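Please read the structure below before turning to the comments.
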Amino acid sequence: GAHRCPMAVILHDDAEDLIGGWTPVAEHYGLILLDPWRRGGWGAGSEVKAHAAVDSAMTWALTTFAVDTQRIALIAHWSSGRAAMAFGGDRLDLFSRVVLATTDYLETNVDSTNHTTQFLVTECWDNGRIIVNRIRALQHDGHPVQAFVGFRGLYGGAERYEWDMIGHWLQQSWATPALPSAPTPAVQTPPLLTAEMLQKMTTFWDKFR
């Protein structure tokens, strides 16, 4: 049809559970959800087979539904980060948004020449320090990155409000016109969330435990 919708490709080691939580978010923000690997989970041990499954699923989705090809997001969660980045890191011309939600990943797999795809990195409070180096590595290569640290433990069970936050971020970032690509003066570089700042925040919040 004339109206095309954004699509979120979700990769997860237990995608069936994740899709169940994401469904109301997708309905609220008008997203098409694609779960290409529901059988057995998504992990580095089955990358070749998994990549073929994702390629096939995406070809099917793009030829079946009215997908806005300028608004396709890749979402990795929990243990799927490394395998997801191995698949999508060098395909940033296809994925305009990449969400790395409470997951480990390697920045070396990312196309360093693409500076238009935007990244959202989320992490739980327990692992808040880890996020600093991840963001710094992506920013060093010129990638636009936003971060979110949830005030919960690793197994805090608060993922659902983060999913809504991710849906909102996708909607807002796609709605905002992209800035023209031009060198950014050093004085305008946003401050990094340093380990020292995280330590001060941890000390503050520990008082309320």
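Spin-label model, I19/A195: points 7 Å from Cα along the beta carbon direction are separated by 4.1 nm. Residue ranges 57-65, 133-141 sort as 133-141, 57-65 when ordered by packing (mean number of other C-beta atoms within 10 Å per residue, highest first). Stretching the chain fully between Q172 and S112 yields a gain of 19.2 nm (0.36 nm per residue, less the alpha carbon separation). Here the label points at E27 and T63, each 7 Å from Cα along the C-beta direction, are separated by 3.1 nm in the simple model.
No lab work stands behind these numbers, since they all come straight from the coordinates. These figures come from a predicted structure and were not determined experimentally. All Cβ positions, even for glycine, are placed from backbone atoms using ideal geometry, and neighbour counts span all protein chains on display.
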